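Input: a single structure, listed below in structure tokens.
The values are calculated or read from the model by the stated rules, or taken from the named source; none is laboratory data. Quantities reported herein were computed from a predicted structural model and do not represent experimental measurements. Note: ideal-geometry Cβ built from the backbone for every residue, glycine included; neighbour counts use all protein chains shown.
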Amino acid sequence: MVEPSRHPFLQGLSKHRGAPPTILVIFGASGDLCARKLVPAIFNLAVDNLLSPDFYLIGFGRKPIPDNDFRAETAKDIKQFSRRPLMDDVWARVQANTFYIPGSYDDVNAFKTLGGKIDAIEKQLGRDLQCVFYISTPPNVFKPVLENLGVSGLARRHAGTPLASKMIIEKPFGRDLASAQDLNRIIRNQFEESQVYRIDHYLGKETVQDLLVLRFANTIFEPIWNRRYVDCVQITVAEDLGVGERAGYYDQSGALRDMIQNHTMQLLSLVAMEPPVSLSAEDIRDEKVKLLKGIQPANLKAEGGDVVRAQYTEGLIQGQKVPGYMQEAGVPADSITETYAAVRLSIENWRWQGVPFYLRSGKRLARRVSEIAVQFKRPAGILFADHERFNLAANTLVIQIQPDEGTTLLMNSKVPGLETRTQPVKMHFRYATTFGSNTPEAYERLILDCIVSDSTLFIRGDETETSWRLYTPILDFWQEGGKRGLENYAAGSWGPLAGDRLLWDQHHEWRRAGP
Ligand code: BG6
């Protein structure tokens, strides 16, 4: 019998009452992610009274910033990026416990200074605290940060007790299988797996968590969630933004590394995995890994294979002319980085054999929308076979991850009137209508889960490696091919024709993504 209190996932916020006293150290505190996401998330947790009164925030970064300036910066970040307006009294309490340590990531002395600060806080408070080290630096310094957490002894603070240090690491988790394995090795030299929280912020999104509820807390879906009833599954993570000021990072990454290998694969895992035996982190993550192991290596051919890549060219987004990828500031003249990737995957297991899973993601597509569409087989065409009168669509369950979060069921209905005609219609459930629109941001959930030691929504080491095992051959194939097979698409479109062909080959077509 599973002890429910030990498996708090999905059991509501009551689990967070009594969040333990914590020192959250953010490496990369002068960076964009800290300003846009982490500080606003901490503020919103404070507003909801979900942090311990003994919660401390320490920023660590290369820039020398006095404590007071850092405190003032955090208030500005909240004003600019938080989903709720700054509440001075709430934030003043956190600000009083906020500090900043300047230092270089490869300088162990800076880590010792950090350790000294942590010891001083504990001494002043007269009790031990857990430390959460959040590594939100550029990936080229992951290694020195991890090593210095080890050498300075910070990784082993209160080891073997419930207050043992924890570590959150941001993406990208490696750039291929070898580098991910390398990173895991470095991490394991300093931390036990139970102390490690690898982030994929898609798992913190409400709609993504709701996938488990939709599948396993409803009777009607699970019996038809298999190859007998499902024709194909389409996962779209589309953005209308371009690379903006991130070309330096993006050009080294591309759509496959930036979105497909992580975010879309998380969606795929949750939609396709077998029911876990419980909602514990390990049981859920075991099922995800099992699912990933059943995915077949992609068929790699420049034409007619399972993968498509492309770059956007100049086009129109909401009526505004925007430049092509090659014209964006900071993109090298010989770049072969894909801004769009689409993949056709097959899962060789009992449930999914023969059902294609199509994944696509891109920048500068027609609109920002992330969704999973489970398309069911067509009804037997005996009774409504006359295509002139009976316009039958395949039943499709669309889980809209963002924006306009919700679920839509596409079905066929009789058009009112004396003549019998049919028409596809939609049944909608919208979060905003039912629950209101001010839902927590992914980072709120994830930071809190780490504080209370729930790793369900984080990626396990073997999971990330299993996913890289699938994608590394594709990246190698593209790298070797140079520009061969690199398609173009106009900004504001739905991607290259080759992306459509990927589905036509199997007599499918992309749904027009959106509600
Ligand atoms: C990040 C990618 O992980 O996810 C970005 O690096 C992308 O390129 C972002 O824009 C998308 O996140 P969201 O939550 O806006 O869908």
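In the set (1) part of a helix (DSSP H, G or I); (2) under 29 Å from Val213 (Cα atoms); (3) away from the ligand (no atom under 16 Å from the Cβ), the condition left unmet by Arg445 is number (3).
Taken together, the criteria place Tyr312 among residues that are within 16 Å of the ligand (Cβ to nearest atom), within 28 Å of Cys232 (Cα to Cα) and hydroxyl-bearing (Ser, Thr, Tyr).
Entry remark, segment 169-194: residues being among the acidic types (Asp, Glu), part of a loop (DSSP other than H, G, I, E, B) and either farther than 15 Å from Ile135 by Cβ or more than 16 Å from the ligand (Cβ to nearest atom) (or both) number 2 in total.
Just to be sure before I move on: is Phe43 at pLDDT 95 or above, surrounded by 14 or more Cβ atoms within 10 Å (Cβ to Cβ), of a type in the set (A, V, I, L, M, F, W, C) and in contact with a Phe, Trp or Tyr (Cβ under 9 Å, 6 or more places away or on another chain) in the structure I sent? Let's see the steps before the verdict.
Working: at pLDDT 95 or above: yes; surrounded by 14 or more Cβ atoms within 10 Å (Cβ to Cβ): yes; of a type in the set (A, V, I, L, M, F, W, C): yes; in contact with a Phe, Trp or Tyr (Cβ under 9 Å, 6 or more places away or on another chain): yes.
So Phe43 passes the test.
The selection criterion, being touching a helix residue (DSSP H, G or I) at 6+ places or on another chain (Cβ under 7 Å) and more than 16 Å from the ligand (Cβ to nearest atom), holds for Phe357. The residue that is nearest to Tyr312 (Cα to Cα), among those in segment 211-268 that are of a type in the set (Val, Ile, Thr), within 16 Å of the ligand (Cβ to nearest atom) and outside any strand (DSSP E or B), is Val243.
Scan segment 64-80 for residues that are surrounded by fewer than 14 Cβ atoms within 10 Å (Cβ to Cβ) and among the small types (Gly, Ala, Ser) and the total you get is 1. Residue-level check: of (1) within 16 Å of the ligand (Cβ to nearest atom); (2) not in a helix (DSSP H, G or I), Pro276 misses just (1).
Residues in segment 415-442 that are out of contact with any Lys or Arg (no Cβ under 7 Å at 6 or more places or on another chain) and part of a strand (DSSP E or B): Gln423, Pro424, Val425, Lys426, Met427, His428, Phe429, Arg430.
Residue by residue, here is whether (1) within 16 Å of the ligand (Cβ to nearest atom); (2) of a type in the set (Gly, Ala, Ser); (3) in a strand (DSSP E or B) holds:
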{"site": "Glu371", "(1), (2), (3)": "yes, no, yes"}
{"site": "Pro379", "(1), (2), (3)": "no, no, no"}
{"site": "Glu388", "(1), (2), (3)": "no, no, no"}
{"site": "Asp404", "(1), (2), (3)": "yes, no, no"}
{"site": "Thr407", "(1), (2), (3)": "no, no, yes"}
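For segment 209-229, filtering for residues that are touching a strand residue (DSSP E or B) at 6+ places or on another chain (Cβ under 9 Å) and closer than 15 Å to Glu287 by Cβ leaves 2. Entry remark, segment 134-160: residues being surrounded by fewer than 22 Cβ atoms within 10 Å (Cβ to Cβ), touching a residue at least 24 places away in the same chain (Cβ under 8 Å), more than 16 Å from the ligand (Cβ to nearest atom) and not in a helix (DSSP H, G or I) number 3 in total. Considering segment 195-210, the residues that are over 30 Å from Tyr489 (Cα atoms), at pLDDT 95 or above and not in a strand (DSSP E or B) include one that is nearest to the ligand (Cβ to nearest atom), namely Ile199.
Checked against (1) under 23 Å from His201 (Cα atoms); (2) surrounded by fewer than 20 Cβ atoms within 10 Å (Cβ to Cβ), Cys131 meets all criteria but (2).
With respect to (1) within 30 Å of Gly436 (Cα to Cα); (2) more than 16 Å from the ligand (Cβ to nearest atom); (3) not aliphatic (A, V, I, L, M), the lone exception for Phe81 is condition (2).
Cβ-Cβ distances below 6 Å connect the following pairs, each with a first residue in segment 189-203 that is more than 15 Å from Glu282 (Cβ to Cβ), a second residue that is within 16 Å of the ligand (Cβ to nearest atom) and of a type in the set (Gly, Ala, Ser), and a separation of six or more residues or different chains: His201/Ala442. Would you confirm whether any residue within segment 448-459 is under 28 Å from Lys37 (Cα atoms), part of a strand (DSSP E or B) and not acidic (Asp, Glu)? Yes, because at least one residue in segment 448-459 is under 28 Å from Lys37 (Cα atoms), part of a strand (DSSP E or B) and not acidic (Asp, Glu).
Considering only segment 291-300, state which residues are farther than 15 Å from Gly499 by Cβ and not β-branched (Val, Ile, Thr). Even if it seems obvious, please write down each step before you answer.
Keep residues of segment 291-300 that are farther than 15 Å from Gly499 by Cβ, which gives 291-297, 299-300.
Once the filter is applied, which keeps residues that are farther than 15 Å from Gly499 by Cβ and not β-branched (Val, Ile, Thr), segment 291-300 yields Leu291, Leu292, Lys293, Gly294, Gln296, Pro297, Asn299, Leu300.
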